[in-house]
1. Taking 30 Å as R0, compute the FRET efficiency from the Cβ-Cβ separation of Asn110 and Lys30 and round it to 0.05.
2. Compute the length gained on full extension between Ala78 and Tyr45: take 0.36 nm times their separation in residues and subtract their Cα-Cα distance, giving the result in nm to one decimal.
3. Determine the per residue accessible area of the stretch 37-92 with all protein chains present and a 1.4 angstrom probe, expressed in square angstrom.
Amino acid sequence: MINKIKVSLIFMCVLFVTNTFAQNKFDPWKKLVEENHCKVSFIFYSKADNYDNGIVIKIENKNKFFIEYRFIVIVRTATVEKEKIFKGEITAGGIKTGSNNNLFWIPKINGKSITEVGIKKWKFIKK
């Protein structure tokens, strides 16, 4: 009985360690830019409105002060290119993402697949 308990405990420990390392390796967010301890990433959202694809933006501020940010995100299909300006501020050590923070975008691209996502004219200014 004691051997079965030991084997079970070892199995549970191995399973926990394996899952912990596996979770740390997989990050679905794709980095667009990282500068001055600020990072902008995105995640692809297939059929976000049941027709067009979308993207969710995540902003991380690893500084010990507020940051004002501004950047333009570009999405491309084989035939269409769309741009959107994102701007706002983020707290010291903060993370912002999703529609509640105006960081969710469904570019109207007539159901075509997004093939490229880029960023330009980024600014991170200490506040």
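1. 0.80
2. Numbers: separation 33, 0.36 × 33 = 11.88 nm, distance 1.79 nm.
Gain on stretching Ala78 to Tyr45: 10.1 nm.
3. Accessible area per residue, the stretch 37-92: 52 Å².
The values are calculated or read from the model by the stated rules, or taken from the named source; none is laboratory data. All values derive from a computational prediction rather than experimental measurement. All Cβ positions, even for glycine, are placed from backbone atoms using ideal geometry, and neighbour counts span all protein chains on display. All accessible areas refer to the heavy atoms of the entire protein, side chains included, with ligands and DNA or RNA removed. Shrake-Rupley method; radii C 1.70, N 1.55, O 1.52, S 1.80 Å.
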